[in-house]
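Accompanying notes for the structure given below.
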Amino acid sequence: MESTKSSIERLEDELRFAREKFPANSLLVEALCEELGEAARDPGLHTPGCYEWLQVACVAMRLYDEGCPDATKSRLLGALKILERRARKVLE
């Protein structure tokens, strides 16, 4: 019988994978906005276990743990404006 991983275990797996594949943390703000945009477009958005939300949580956790040395208020606001425009298109 195969055991089912908990959400925390899945997040830990995703964090390990992301840190190996993308070790630099300099673009985490932009990555968070990208993942939020992908989650908003996912048809499974409202279903439990939506993989895109796991990726959002992963990037958010990396921002929490590692910070983003190149992040500035203007970069964050610019990324959020792009995300807002994408979200409005998805919701139309």
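Miscellaneous remarks
- Under 14 Å, Cβ to Cβ, from Leu77 - net charge with Lys/Arg +1 and Asp/Glu -1: +2
- Expected 222 nm ellipticity per residue - DSSP helices of 4 or more, -39500 (n - 2.57), all of the chain, to 500: -23000 deg cm²/dmol
- Residues in the range 13-38 reached by a label modelled at Asp65 [backbone nitrogen below 16 Å; 7 Å Cα→Cβ]: 13-29, 32
- Kirkwood-type radius of the range 20-81, with distances r between different C-alpha atoms, in Å: 12.2 Å
Where a number appears in this text, it was derived from the coordinates with a stated rule and is not lab data. Everything numeric here is computed off the predicted structure, so don't read it as measured data. We place every Cβ from the backbone using ideal geometry, glycine too, and count neighbours over all the protein chains shown.
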